[in-house]
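Any read-out appearing in this document is the output of simple, stated calculations on the displayed coordinates, not a laboratory observation. Small disclaimer: the values here were computed from a predicted structure and weren't measured. No Cβ is skipped: glycine too gets one built from the backbone with ideal geometry, and neighbour counts run over all protein chains shown.
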Amino acid sequence: MFDSYSSTVVMFVNGKKVVLEDVQPEVTLLTFLRSIGLTGSKLGCGEGGCGACTVMLSHVDESGSIVHRAVNACLAPLASADSCAVTTVEGIGSTATGMHPVQERFSKFHGSQCGFCTPGIVMAMYTFLRNNPRPTARECEDAMDGNLCRCTGTWCGCMHAHEATRCVCVCVCVCVCVCVYCVLCVRCCCCGVCLLL
Ligand code: FES
Ligand code: FES
């Protein structure tokens with residue numbers, strides 16, 4: 001068994017093959033992704049609670065079927081991505097290359113405020129739809145239970161998955177409050193970042 005041990009990791013990141021030698025067991029997938037410039041995945045809690053680091057990990061199981069999983073990259077060891085395909089928020093679309101429908105809906109329906117949690121939410125929803133392209137609204141809501149948004153703490157995530165169009169329309173009740181320190185800014189979102197400026 002140990003004859004086959006290897007510290008080399010081979011994986012695909014957003015469709016590009018990556019070969020890594022001497023991967024250390026304590027290095028997380030999130031640390032690696034951010035080190036190569038894929039900073040869309042965020043480090044929030046670092047302990048699997050907020051979902052800001054969510055990426056999609058895909059592999060082929062014993063039956064030959066492709067399995068997609070939304071994983072917390074802050075907890076996943078880099079070595080666990082061996083023989084897998086990793087898809088980050090940069091891999092599904094951008095303003096430069098064209099947004100994925102999930103990203104587009106978040107943008108058009110004002111689904112984020114500071115945006116810190118948004119990549120993780122997008123990837124959780126993207127992975128969910130890859131596995132379940134015709135979900136109910138309740139299933140969409142349940143799929144979001146591992147992702148927290150600090151700005152829209154009252155985030156009444158009304159998510160309607162339109163079965164006919166197979167797209168996700170995200171309608172969020174955005175609470176725009178005025179910062180008590182400076183009434184010039186009307187985009188204070190309660191996350192506290194503006195208070196540090
Ligand atoms: S950073 Fe919060 S779950 Fe990974
Ligand atoms: S928009 Fe979710 S944490 Fe700011």
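Can you give the FRET efficiency to the nearest 0.05 for E62 and H110, using r as the Cβ-Cβ distance and R₀ = 35 Å? It would help to have the intermediate numbers written out before the result.
Working: r = 44 Å, r/R0 = 1.24.
Calculated value: 0.20.
So for the range 30-107, considering every pair of alpha-carbon atoms, how many percent are separated by more than 19 Å?
Values: 1226 of 3003 pairs.
Distances greater than 19 Å cover 41 percent of the Cα pairs.
Over all other residues within a Cβ to Cβ distance under 9 Å of S41, the charged ones net out to +1, with Lys and Arg as +1 and Asp and Glu as -1.
For the range 1-108, the list of chymotrypsin sites (Phe, Trp or Tyr not before Pro) that fall in a loop by DSSP and count at most 12 other C-beta atoms within 10 angstrom reads Y5. The aspartates and glutamates within cross-link reach of K17, meaning a Cα-to-Cα straight distance under 14 Å and a gap of 8 or more places when in the same chain, are D82. Just for the range 9-91, what percent of DSSP beta bridges are antiparallel, to the closest 5? Taking every DSSP beta bridge with both residues in the range 9-91, the antiparallel ones total about 90 percent.
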